Every structure is written in C-alpha cells, then in structure tokens.
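Visitor: The structure's right below; bear with me while I get my questions together.
What follows is calculated from the coordinates using simple rules that are stated; it is not laboratory data. All values reported here derive from a predicted model rather than from experimental measurement. No Cβ is skipped: glycine too gets one built from the backbone with ideal geometry, and neighbour counts run over all protein chains shown.
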Amino acid sequence: MELKRFLSLGLLLVGFIPMKLSAQQAQPLPTDPAVRVGKLDNGLTYFIRHNENPKDRADFFIAQKVGSILEEDSQSGLAHFLEHMAFNGTKNFPGKNLINYLETIGVRFGQNLNASTGFDKTEYTIMDVPTTRQGIIDSCLLILHDWSNNITLDGHEIDEERGVIQEEWRARRDANLRMFEAILAKAMPGNKYAERMPIGLMDVVLNFKHDELRNYYKKWYRPDLQGLVIVGDIDVDYVENKIKELFKDVPAPVNPAERIYTPVEDNDEPIVAIATDAEATTTQLSISFKSDPTPQEVRGSIFGLVEDYMKQVITTAVNERLSEITHKPNAPFLSAGAFFSNFMYITQTKDAFNFVATVREGEAEKAMNALVAEIESLRQFGITKGEYDRARTNVLKRYENQYNERDKRKNNAYANEYSTYFTDGGYIPGIEVEYQTVNAFAPQVPLEAFNQAIAQMIDPVKNAVVTLTGPSKAEAKIPSEADFLAAFKAARQQKVEAKKDEVSDQKLMEKAPKAGKIVSEKKDQKFGTTELTLSNGIKVYLKKTDFKSNEILMSALSPGGILSGKHAPNQSVMNSFMNVGGLGNFDAIQLDKVLTGRSASVSPSLSLLSEGLSGKTTVEDMETFFQLIYLQMTANRKDPEAFKATQEKLYNNLKNQEANPMAALMDSIRHTMYGDNPMMKPMKAADVEKVNYDQVMAFYNERFADAGDFMFFFIGNLDEAKMKPLIETYLASLPNLKRGDKMNKAQVPAARSGKIDCKFEKEMDTPSTTIFDVVSGNVEYTLKNSLLLEVFSAVMDQVYTATVREKEGGAYSVAAFGGLEQYPQPKALMQIYFPTDPARAEEMNAIVFAELEKLAKEGPNVEYFKKTIENLNKQHKESLRENRFWLEAMKASFFEGNDFITDYESVLNGLTPAELQKFAADLLKQQNRVVVMMAPVAKAQ
C-alpha cells in the first residue's frame with residue numbers, strides 16, 4: 001500500500017515529537033482493560049463490558065463484515081433483504097416470535113430492535129434490554145446465535161417480504177438518493193461500489209429465486225466475519241461462558257470465500273460528476289481529495305490517535321474560516337464545510353478530504369472558484385497561528401469533556417465504538433488513555449506539522465473529484481461536465497493569498513452588572529428542586545443530579561410570545577433572524593472566537609405563547625454561561641450584514657421548495673388542518689424577501705426587555721453555593737418592567753373540525769402516494785388522557801405493522817403518533833402517516849381507518865396493549881435518569897401547571913383495555929377526520 005498519506009500524518013511527526021515518544025510509534029495502543037475481548041476457535045470475535053449506565057439495562061449487537069458489495073449481479077439487494085428476514089423466523093424463534101418475545105420485555109421493534117445494511121457491513125442491534133432476569137440475557141444471546149447461523153429463510157416468508165422492501169425503496173427514493181446514485185456511477189465508473197446500492201434493484205428483489213438468498217447467507221454469514229458486542233449491567237464472566245457454550249456449534253467455514261475489500265482507483269486527472277433532478281431544491285458542490293487509508297497496523301498505534309487528533313484540529317480550523325465567509329452578505333456560497341470521511345462516504349479502501357458548499361442558483365462556477373481559492377490557500381499557506389490555537393484549544397476541550405464524563409458513558413456509546421472497531425479497525429484504549437496521550441503529545445506538535453499534512457492531503461494534480469447536484473430546471477444554469485472540469489482546472493491556477501486572522505482581545509463582559517438579591521428560598525420535595533425568588537421577581541429553580549458529571553442544562557420561559565403583539569412577525573421569521581448578529585460588542589464570528597475553549601451556549605426562542613432561552617454548559621464554564629444569558633437578554637446585537645447573509649441563505653434554500661413533493665404535502669397538511677391562519681403559514685421564499693429586520697429586532701427587544709416574569713430552570717451537576725452569587729449578579733440584575741404579560745391562549749390556532757379531504761396530484765419521479773390522516777376530538781387535558789393517547793398510538797403502530805406492512809406488503813412503515821393539545825381548548829389528535837403504491841392507496845387507507853374502528857368497537861389486541869404498557873414503563877424508568885427529561889418536567893409543572901410525572905407509573909399501570917377502547921370510541925364518534933393524500937400525476941397513456 002502507498003505510504004504517502006501515512007507519512008503526511010505519521011512519520012512526518014517524528015521530526016517534531018521527542019524520541020521518547022517516537023520510539024513507541026509502532027506499538028499498538030492497549031485495549032481498554034474494562035472490555036473483555038476474545039475469539040472462539042471458529043473465528044467469532046466478542047466484546048463484553050460491564051456498565052451500569054443505565055442500570056439494569058444492556059445492549060446486544062452482532063456486527064458482520066459483509067454488505068451489499070459482496071452481492072453477485074443476480075443478488076442485488078439481497079444483503080438488505082437478508083437483514084429483513086432475520087426478523088421473520090429463526091431456528092429458536094420461528095415466525096414473528098423474536099419480535100413478539102422482545103416486545104413482551106419492553107424492547108420495541110424499530111425503536112430498540114433494529115438492523116442496518118451498508119456496502120461493507122451489516123449490524124443487528126437489541127438495545128436497552130432489561131437485565132433483571134438471567135433468562136432475558138440468555139434469550140438475547142440465543143437471538144444473536146440464531147442471527148449468526150440459523151435464520152430460517154422460509155420461502156413463504158421471503159415472498160411476503162418482497163412487497164415490504166419495494167415499499168421501503170419507494171419511501172426512500174427521493175431526489176437526493178437518485179442524484180447520489182448518478183454521482184457514484186460517474187465518480188467511480190465500473191466500480192462495484194457504484195453498482196451495489198444496499199436497497200438493490202427491484203427487478204431482482206421481486207423475482208429472485210429463494211436459493212439466491214440462502215446462498216448469500218451461507219457464503220457470507222460466518223463466524224470469522226462476525227463480532228458480538230454485549231455492553232451493560234451484566235456479569236462479564238457469565239456472558240463470556242454463555243457465548244462459548246452457545247456459539248461453539250456454529251461451524252467454522254470450510255474453504256471460505258475470500259473477503260475482498262473492493263479497491264478504488266486513483267485518478268491522475270480531476271473527475272467531474274454532475275447530476276440533476278426535477279425534485280432537487282438546492283445546488284450542492286463537493287470537492288474531494290482521495291487518499292489511501294492508513295494501514296491498520298499503524299491505525300491501531302499511537303499514530304492513529306495522532307492522525308485523528310490532527311484531523312479534528314484541521315477541520316475545526318477550516319470550518320471556522322469557511323463559516324466566517326458565509327456570514328458576510330453576497331458571500332460566494334451560502335454555507336460551506338470541510339470534513340474527512342471514506343471516499344463518497346461509503347468506501348473502505350479509499351479516504352477523502354472533503355470540501356462542500358451550498359450554492360446560489362445559477363452560480364455554481366462562482367462558488368467553485370471561491371471554494372478552490374480557499375483550498376489552494378490552505379494547501380499553499382496552511383492555517384494561521386490564531387486558527388490553530390483556537391482549534392487546538394477546542395479539540396482538547398472535547399477530549400476533556402469526554403474524559404470528565406467517562407463514568408457516565410452509556411451502553412450504546414460503548415457498543416457502537418466496539419462494533420465500529422470490529423468492522424473498520426482503529427483503537428479502543430479507553431478515554432483515559434486517549435485523553436492522557438493526546439495531552440502528552442499535543443503541545444509538542446507544532447503548527448508546521450499540521451500545514452505540511454494539509455499540503456500532503458490536497459494533491460495539486462491527482463485524485464481530485466468534483467461533484468455538483470441541483471435542480472434540472474433551466475434557471476439553475478447547471479454547467480456541463482466538460483465546462484465545469486475546465487473551470488476547475490483554471491481555478492486551481494489562480495493566485496491566492498494567506499488568510500489574515502482578526503481576533504478581538506476584549507473580554508466577553510468588561511464589567512459585571514450591579515447585583516440584585518435572592519429574597520426567598522424554598523424546597524420542593526416532590527421534584528427535589530430549590531426555588532429562589534429574586535429581587536426583580538425572577539423565579540429560579542435548581543435541581544442537582546448525578547446523571548452526568550459535567551453537564552448543566554438551562555431553560556427560561558416568560559408568558560407572552562408571538563401572540564402578545566398585534567403586528568408581530570411570523571413565528572418562523574422571528575426564530576430565523578432574531579439571533580444572527582452576535583452579542584454585546586461581538587458579531588457572531590468574533591463571539592465564537594472569544595468563546596474558544598469554553599463549553600457554554602445560549603439560544604433564544606419565541607413560540608406563540610412564550611419567549612425563552614435554552615442553553616448548556618459545564619461546571620467550569622458557569623460564569624461564562626451566566627454572562628451569555630445576561631447579554632442575550634440585554635444586548636442582542638443588531639447586524640444588518642449578518643441579517644442580509646442569513647436572508648440570502650434562507651431565500652435560496654426555500655426558492656425551489658415547491659419542487660419537492662414533501663414540501664407540497666406539508667403545506668397541504670397545514671392548510672387542511674388550520675386553513676389560512678397566518679400563525680401556521682409556512683415561510684416561503686417570497687416571505688423572506690419581505691422580512692423587516694428592524695421590526696424583528698424591535699419585537700425581540702420588547703419581548704425580552706421585562707425579565708420580571710421569567711422563570712429559569714437549571715439542572716445537572718449543580719453547586720448551589722457557587723451558583724447563587726452568579727444568579728444574583730447576572731439574573732437578579734435584569735430589569736423588571738412589571739408589565740404582567742399573559743399568555744393569549746384563546747388565539748392559539750385550533751385544528752379544524754369535521755370531515756375534510758384534500759387529495760391532489762404532484763409531479764414526481766418515483767411514483768408514490770403519501771397519506772396523512774388525522775382523527776381528533778375534545779378531551780380533558782390530564783395525565784391519564786395523555787397516556788391513553790400514547791398507548792393508543794403505540795398499539796396502532798403494532799396493528800399497522802401486522803396488517804398494512806406484513807400481511808398486505810402495502811407500506812414499509814405506518815407511523816401512528818398522538819398529540820395532546822392544551823390550547824385554545826384541550827384536544828387529542830391521532831395522526832397517521834405512510835407512503836404506499838399509488839395503485840393501492842385507497843385500499844391501504846381503508847384498512848387504516850377500519851383498524852381504528854375495530855379497536856373502538858372491539859377493544860385493543862390484549863398482547864399489543866400489554867407490550868405497550870411494558871415498553872412505556874421501561875422508557876419512563878430510563879427517562880428518570882436523563883437531565884433533559886427532568887428539565888421538561890420542571891417547565892411543565894412550574895410554568896404550565898401540569899404535573900405529568902408524580903403519578904405517571906400508577907396511572908399508566910392502572911390503565912385497562914376497556915378504558916383504551918372507550919377513549920378511542922369517544923374520539924372517533926366526534927367525527928373529526930382529516931385525510932390528506934398526495935398522489936403522482938397520472939402518466940399519459
């Protein structure tokens with residue numbers, strides 16, 4: 001393998017890192033001692049780790065080093081088809097018993113139980129499994145065993161699944177996927193990667209002989225290509241012994257087919273690939289520089305860690321530079337970014353340094369010239385000292401944050417890490433080793449090393465691949481590939497300059513405001529909170545938790561919102577433009593630079609009934625966090641140039657939305673449900689052009705001028721003694737105008753009543769009818785009704801999976817979801833969404849409504865009901881260990897007056913099938929039904 005790239009990020013450093021460190025360069029990084037790694041005689045690899053976050057839960061994965069790239073022409077789509085069949089019968093779990101069993105213990109199909117197929121790997125996951133009984137652990141290991149070697153592949157089940165996969169193909173085949181397929185064929189002509197999209201060819205999927213699938217399974221699902229990952233609250237010794245006992249009967253392959261990783265050729269001349277689509281809404285440019293991946297023997301050593309660290313620093317610095325450009329009006333591109341990945345995001349045998357940009361319609365060449373200029377500036381001059389210092393500080397801060405949270409890392413994070421390590425290689429020494437090692441070598445790697453690496457990775461001639469996608473309409477002015485290639489070559493010859501870095505040396509706040517006082521304090525035993533009343537009327541609620549070591553979340557709310565003003569701008573307008581200018585003395589770009597190395601962010605928002613803030617920080621950045629809150633309330637900066645740049649970006653993003661069938665569907669849903677109410681009107685490109693920035697900022701300042709009726713909620717690893725002086729300085733000092741704002745609840749848009757149908761046709765490339773149904777009715781706004789609606793939707797999900805998906809093959813997924821609205825009057829909405837074959841749309845929707853009526857008349861399937869209660873109980877217990885969950889609960893209780901937490905378990909477990917039947921019947925008899933159906937325009941015969 002060519003070592004040029006390795007030299008750029010590895011041996012290059014020998015000249016910069018002291019010999020004590022470089023002498024260890026070839027040594028593999030140690031494996032984290034907390035994970036048990038082993039291999040059976042048949043070649044099966046396993047990773048086992050005890051972890052109690054969350055307690056009494058575990059994740060079970062099986063990763064396969066196989067995917068669609070290994071299919072023969074006659075098997076296109078069968079790797080993905082096989083993934084589906086793993087849920088349709090195994091030796092020990094025939095039929096749907098695998099799904100049925102897991103759902104009885106609260107593991108829900110599609111939520112905790114899933115699988116995915118890629119080009120080079122396939123992964124099956126059973127997550128958040130209760131480990132309170134040994135039998136559950138044994139059963140999950142047995143499922144992994146069956147997936148490894150005992151999927152039944154019954155002929156009848158195979159035929160039943162063909163329609164499901166065709167509907168998955170239909171649901172996923174949008175403009176982006178079609179253009180991606182076209183780009184692959186041009187970027188890698190003749191390569192198998194361009195011919196093996198995991199979803200496959202429908203002609204093969206609908207017609208292959210059963211033995212084709214069985215042959216693929218027998219050939220490639222084998223222990224030497226499989227890895228088990230079990231992480232959670234389990235006994236590691238027990239699980240290891242059980243794996244050895246269970247999997248010893250899985251035979252090692254005899255004369256196995258060689259697992260070859262498909263090579264991707266270098267290119268001496270730039271490749272330009274252009275694809276357009278009638279449903280595309282934006283023009284996207286990508287410039288990639290291919291390179292060979294680092295060999296695993298190097299990737300797994302300290303050089304792999306050095307490489308990843310350097311890549312993070314480089315992309316952080318480059319993205320800061322590109323972001324700064326896009327914040328200016330008339331920028332050459334609307335947004336831009338840089339990142340490292342597999343080439344085309346899929347190949348195992350070629351990496352890429354990617355630069356991407358969203359382009360104004362008709363300005364592809366202008367954007368390409370500007371992006372190439374930045375690339376050439378990086379290649380020739382590198383990043384600046386200031387960019388490097390800020391990027392290095394921010395990257396080291398990320399390592400520090402991960403290190404500080406090491407004891408709170410969740411099962412899923414470990415499981416994904418080990419699964420990826422098995423399929424892709426790398427290292428798993430644990431964050432302690434990574435953190436200590438990075439901090440040891442980072443100070444010794446100079447800026448010159450990074451800039452030499454950048455120059456190595458951006459070849460001046462070879463391995464450049466340029467792609468452009470966009471609308472097919474003439475107005476988009478998409479150039480020909482020949483013209484774009486010539487323009488790209490010319491752009492690489494342009495004269496460029498080194499970046500000039502501008503940094504302010506001002507502090508975030510030069511002077512603290514005059515502090516107010518905490519005037520009262522009381523405890524709430526029910527929620528475990530401390531309530532502080534401040535001298536300016538603000539209420540502050542503090543809840544200390546140990547869920548994470550270094551996370552603090554904040555939310556603040558005040559009554560008022562959009563509906564408080566007679567001439568308020570549209571809600572979507574306000575939230576798009578009111579926070580683009582930075583804070584205090586700093587524009588948005590300078591503010592990011594000032595905050596280098598600090599984990600603190602605050603964002604404002606305006607809803608119909610309230611204005612508020614949300615934010616996140618760490619223990620050590622608490623004062624910066626409070627300063628940001630104060631500035632967001634008192635010194636939101638007006639920046640006409642930033643507004644204009646945002647306006648241009650949003651206008652171009654919305655300009656072609658009508659070409660996207662899904663945008664037309666969403667518009668129709670809103671209009672059908674809410675009529676012409678301006679508060680529910682989606683923002684259009686024409687609306688963006690009319691936005692009055694002065695009006696936006698005036699309304700923002702008016703809404704946030706009066707802090708006296710705000711409630712602030714803080715949760716996380718809080719130190720109340722340290723927080724109180726900050727609260728007095730930065731919150732109690734905020735102005736109180738004593739306006740006494742109220743929530744204008746009566747003006748909240750209400751969903752329309754009665755039976756309303758909206759059926760329309762839309763031009764589309766892939767014929768599909770998408771259906772959105774709503775059944776609604778008045779109910780009391782109570783915890784019980786909220787839970788009944790949640791149970792109703794979850795039960796219907798299972799019903800539709802069994803009927804529309806499995807029995808009829810009429811949809812890949814039918815999503816049922818309930819929503820309980822409080823204003824203007826309490827109302828329950830059951831919403832159902834699915835795409836289907838246009839020829840079967842009316843038939844499938846008739847089944848959807850028939851099943852609703854059936855539940856209302858006969859009651860729910862008792863097994864579905866029990867599974868749902870079990871799943872909701874499990875979810876609730878998991879949520880009780882999440883800061884975000886408690887933050888929302890605090891807001892609901894103290895700001896809205898709705899306590900949906902205290903009696904949750906008793907109310908949920910007290911529900912009966914008869915109560916659900918009555919709830920559904922009461923809802924349906926109110927005769928409020930909306931059907932929005934978007935079908936393709938009929939083709940002329």
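Visitor: If packing is taken as the average count of other Cβ atoms within 10 Å, what order do 551-558, 342-349, 851-858, 510-517 fall into, highest mean first?
Guide: Final packing ranking: 551-558, 342-349, 851-858, 510-517.
Visitor: Taking the Cβ of Val931 as the center, what net charge do the other residues with Cβ under 12 Å away carry, scoring Lys and Arg +1 and Asp and Glu -1?
Guide: Residues near Val931 contribute 0 overall.
Visitor: A follow-up question, please. In what sequence, highest mean first, do 178-187, 363-372, 715-724 appear when ranked by Cβ atoms within 10 angstrom?
Guide: In decreasing order of mean packing, 178-187, 363-372, 715-724 become 363-372, 178-187, 715-724.
Visitor: Mind giving me the FRET efficiency for Asp424 and Ser601? R0 is 25 Å, r the Cβ-Cβ distance, nearest 0.05 is fine.
Guide: According to the calculation, E is roughly 0.20.
Visitor: For Lys762, which aspartates and glutamates qualify as cross-link partners when the Cα separation must be under 12 Å and same-chain residues fewer than eight apart are set aside?
Guide: Cross-link targets: Glu279, Glu658.
Visitor: Next question. Only helices at least 24 Å long along their own axis, judged from Cα atoms, and with Kyte-Doolittle mean hydropathy of 0.5 or greater: name those in the chain from DSSP H.
Guide: For the chain, where a helix must reach 24 Å along its axis and average at least 0.5, the hits are 783-800.
Visitor: Using the per-residue mean of other Cβ atoms lying within 10 Å as a proxy for protection, in what order, highest first, do the peptides 485-494, 625-634 fall?
Guide: Result, highest mean first: 625-634, 485-494.
Visitor: Is the range 587-628 rounded, prolate or oblate when judged by the Cα gyration tensor, a ≥ b ≥ c being the square roots of its eigenvalues, rounded requiring a/c under 1.5 and prolate requiring a/b larger than b/c?
Guide: Oblate is the answer for the range 587-628, as a/c is 1.5 or above yet b/c matches or exceeds a/b.
Visitor: Return the sequence-ordered ³J(HN,Hα) values of the range 345-362 in whole Hz as given by the Karplus equation 6.51 cos²θ - 1.76 cosθ + 1.60 applied to θ = phi - 60°, using x for Gly and Pro.
Guide: 6, 10, 7, 8, 10, 8, 9, 7, 9, 10, 10, 10, 8, 8, 10, 5, 4, x
Visitor: Does the chain classify as rounded, prolate or oblate by the C-alpha gyration tensor (a ≥ b ≥ c root eigenvalues; a/c under 1.5 gives rounded; else a/b over b/c gives prolate, otherwise oblate)?
Guide: Taking the square roots of the gyration eigenvalues as a ≥ b ≥ c, the chain is rounded.
Visitor: Would you list which lysines come within 24 Å of Lys745, measuring only between C-alpha atoms, while excluding same-chain residues fewer than 8 positions from it?
Guide: Here the lysines satisfying the reach criterion relative to Lys745 are Lys539, Lys566, Lys681, Lys784, Lys827, Lys891.
Visitor: What is the range 343-402 by shape, rounded, prolate or oblate, if you read a ≥ b ≥ c off the alpha carbon gyration tensor as root eigenvalues and call it rounded for a/c under 1.5, prolate for a/b larger than b/c, and oblate otherwise?
Guide: It comes out oblate by the Cα gyration axes.
Visitor: Sort out for me the Cα centre separation of the range 598-613 from the range 74-121, rounded to whole Å.
Guide: For the range 598-613 versus the range 74-121, the Cα centre distance is 41 Å.
Visitor: Which aspartates and glutamates have a Cα less than 12 Å from the Cα of Lys548, not counting those fewer than 8 places away in the same chain?
Guide: Within the straight-line cut-off, Lys548 pairs with Glu405, Asp407, Glu882.
Visitor: Please report how far the C-alpha centroid of the range 520-558 lies from that of the range 198-275, rounded to the nearest whole angstrom.
Guide: 50
Visitor: Report the Cα centroid-to-centroid distance between the range 322-390 and the range 837-880 in angstrom, as an integer.
Guide: 47
Visitor: May I pose another question? If you count the DSSP beta bridges with both ends in the range 750-936, what percent of them are antiparallel, to the nearest 5?
Guide: 75
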